[in-house]
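Engineer: Before I ask anything, let me first share the structure, which is written out below as structure tokens.
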Amino acid sequence: MQRYFVAPDQFEGSRVVLTGDDARHALRVMRMEPGDRFIASDGASREAVAAVTAADNGRVEAEIIFELPMDGEPKWPVTVAQALPKGDKMELVIQKGTEIGAAAFAPFQSERMIVQYDDKKEAKRLERWSKIAKEAAEQAHRSRIPAVEPVRTWRELTASMAAYDLVLFCYEKEGGSGGTGLREALNAFRKERLAAGATERGLRVMLVVGPEGGFTPREAEEAEAAGAVIVGLGRRILRTETAAMAALACLMYESGEMGGD
């Protein structure tokens with residue numbers, strides 16, 4: 001069933017209204033008619049199945065049939081901090097990361113990034129990335145749309161690390177024998193957290209992934225000084241967009257999203 005994210009004021013008691021791009025999609029792509037059903041979510045507190053009662057003039061009106069639980073979110077809210085990659089790779093990271101379960105994306109600038117950052121284009125690019133996150137969240141039946149934050153400097157990123165329970169800094173030099181792996185770092189953190197009487201639910205995690213050229217030793221040192229745990233993702237060197245998705249999938253598995261505890 002098609003899902004649409006709407007503003008809270010588009011819910012009107014026992015009715016919901018689609019407008020703008022959502023209405024055009026419902027009318028032109030889905031060819032909805034009276035009686036057809038879809039899911040509407042405000043991305044915060046309300047989600048429901050609704051049946052179309054009127055569809056015309058760029059507006060779709062629907063009657064709510066029943067409410068749904070908002071249970072499409074992972075137990076661990078994970079922010080993917082991705083160094084700006086070249087081309088449209090950031091779009092891929094956001095699209096697939098949203099499907100896998102990322103709670104937010106924090107693009108940032110790093111020393112070895114290849115792309116030339118242009119702050120004049122940021123607003124348009126941010127709008128594009130946010131649209132991709134919305135469409136991916138609808139396709140994946142997420143209960144919320146992941147936030148796509150404005151591009152940060154490296155200093156801004158390291159300063160923000162203190163707001164997280166765990167920051168995992170993916171560094172290829174930790175991927176060989178003797179390095180700290182992702183699972184090893186998680187197990188050590190879990191023991192420490194449980195020993196302190198805390199639970200895992202709601203664990204705020206930041207996953208930091210470097211650009212095509214990787215991180216510099218100085219960046220790794222500064223990240224560790226800011227509280228990040230330096231981890232490797234195995235013995236193979238992954239592309240930047242692959243690293244983000246592989247590590248995120250591992251976190252979803254470890255949090256019990258793939259079944260079990």
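Okay, residues lined up against (1) over 14 Å from Y4 (Cα atoms); (2) touching a strand residue (DSSP E or B) at 6+ places or on another chain (Cβ under 6 Å); (3) crowded, with 20+ Cβ neighbours inside 10 Å:
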| residue | (1), (2), (3) |
| --- | --- |
| I65 | yes, yes, no |
| T79 | yes, yes, yes |
| D88 | yes, no, no |
| G101 | yes, no, yes |
| F105 | yes, yes, yes |
| K121 | yes, no, no |
| V148 | yes, yes, yes |
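Engineer: Looking at segment 198-208, which of its residues are buried (at least 19 other Cβ atoms within 10 Å of the Cβ) and either in a loop (DSSP other than H, G, I, E, B) or modelled with pLDDT of 95 or more (or both)? Walk me through it before giving the result.
Structural biologist: Our first condition is that a residue be buried (at least 19 other Cβ atoms within 10 Å of the Cβ); within segment 198-208, this holds for 203, 205-208.
If the condition is that a residue be buried (at least 19 other Cβ atoms within 10 Å of the Cβ) and either in a loop (DSSP other than H, G, I, E, B) or modelled with pLDDT of 95 or more (or both), then L203, M206, L207, V208 are the ones that fit.
Engineer: Go through segment 222-239 residue by residue and tally those that are over 20 Å from A188 (Cα atoms) and at pLDDT 95 or above.
Structural biologist: Within segment 222-239, the subset over 20 Å from A188 (Cα atoms) is 222, 235-239.
With the extra rule that they be at pLDDT 95 or above, the set shrinks to 222.
The total comes to 1.
Engineer: Do we have any residue at all in segment 64-80 that's touching a helix residue (DSSP H, G or I) at 6+ places or on another chain (Cβ under 8 Å), among the aliphatic types (A, V, I, L, M) and closer than 30 Å to C170 by Cβ? It would help to see each step written out before you state the result.
Structural biologist: The initial filter retains those residues of segment 64-80 that are touching a helix residue (DSSP H, G or I) at 6+ places or on another chain (Cβ under 8 Å), namely 74, 76, 78, 80.
Pick out the ones that are also among the aliphatic types (A, V, I, L, M) and you get 78, 80.
From the residues that got through so far, the ones that are closer than 30 Å to C170 by Cβ too are 78, 80.
Yes; the residues of segment 64-80 include at least one that is touching a helix residue (DSSP H, G or I) at 6+ places or on another chain (Cβ under 8 Å), among the aliphatic types (A, V, I, L, M) and closer than 30 Å to C170 by Cβ.
Engineer: Do we find that A247 is at pLDDT 90 or above and touching a Cys at 6+ places or on another chain (Cβ under 7 Å) in this structure? Steps first, answer last, please.
Structural biologist: Details: at pLDDT 90 or above: yes; touching a Cys at 6+ places or on another chain (Cβ under 7 Å): yes.
When the stated conditions are applied, A247 passes them.
Engineer: Sticking with this structure for a sec: Identify the residue in segment 39-61 that is of a type in the set (D, E) and over 12 Å from R3 (Cα atoms) and, among all such residues, is modelled with the highest pLDDT. First the steps, then the outcome.
Structural biologist: First, the residues of segment 39-61 that are of a type in the set (D, E): 42, 47, 56, 61.
With over 12 Å from R3 (Cα atoms) added as a condition, the list becomes 56, 61.
Values: D56: 81, E61: 93.
By that ranking, first place goes to E61.
Engineer: Please work out which residue is farthest from the chain's Cα centre (by Cα), limiting yourself to segment 122-176 and to residues that are in a loop (DSSP other than H, G, I, E, B) and aromatic (F, W, Y). Step through it out loud before you land on a result.
Structural biologist: The first filter runs over segment 122-176 and keeps only residues in a loop (DSSP other than H, G, I, E, B), leaving 140-146, 149-151, 153, 164-165, 171, 175-176.
With aromatic (F, W, Y) added as a condition, the list becomes 164, 171.
On the way: Y164: 15, Y171: 21 Å.
This residue is Y171.
Engineer: Which one is farthest from the chain's Cα centre (by Cα), of the residues in segment 24-45 that are surrounded by 16 or more Cβ atoms within 10 Å (Cβ to Cβ) and assigned to a strand (DSSP E or B)?
Structural biologist: Checking each candidate, the answer is F38.
Engineer: Show the residue pairs that are 6+ apart or on different chains and have beta-carbon atoms under 7 Å apart, the first residue being within segment 69-91 and within 13 Å of I145 (Cα to Cα), the second being exposed (fewer than 15 other Cβ atoms within 10 Å of the Cβ) and of a type in the set (F, W, Y).
Structural biologist: none
Engineer: So, one more: Do the conditions hold for R112, that is, is it under 29 Å from I39 (Cα atoms) and part of a loop (DSSP other than H, G, I, E, B)? Quick ask: steps written out before the conclusion?
Structural biologist: On the way: under 29 Å from I39 (Cα atoms): no; part of a loop (DSSP other than H, G, I, E, B): yes.
So R112 does not fit the description; no.
Engineer: Might you check whether a residue that is within 29 Å of T242 (Cα to Cα) and not in a loop (DSSP other than H, G, I, E, B) occurs anywhere in segment 56-72?
Structural biologist: No, because not a single residue in segment 56-72 is within 29 Å of T242 (Cα to Cα) and not in a loop (DSSP other than H, G, I, E, B).
Engineer: Any residue that is among the hydrophobic types (A, V, I, L, M, F, W, C), out of contact with any Cys (no Cβ under 6 Å at 6 or more places or on another chain) and part of a helix (DSSP H, G or I) - is there at least one of those in segment 8-23? Explain how you work it out, then say what you get.
Structural biologist: So in segment 8-23, the residues among the hydrophobic types (A, V, I, L, M, F, W, C) come out as 11, 16-18, 23.
Those still in the list that are out of contact with any Cys (no Cβ under 6 Å at 6 or more places or on another chain) too: 11, 16-18, 23.
Still in the list and also part of a helix (DSSP H, G or I): 23.
For segment 8-23, residues among the hydrophobic types (A, V, I, L, M, F, W, C), out of contact with any Cys (no Cβ under 6 Å at 6 or more places or on another chain) and part of a helix (DSSP H, G or I): present.
Engineer: For I114, indicate whether it is among the β-branched types (V, I, T) and under 27 Å from Q2 (Cβ atoms).
Structural biologist: Values: among the β-branched types (V, I, T): yes; under 27 Å from Q2 (Cβ atoms): no.
Taking the combined requirement at face value, the residue does not satisfy it.
The values are calculated or read from the model by the stated rules, or taken from the named source; none is laboratory data. Just so it is clear, the model here is predicted, and its values are computed rather than measured. For neighbour counting, all protein chains shown are included, and Cβ atoms are generated from backbone atoms with ideal geometry for every residue, glycine included.
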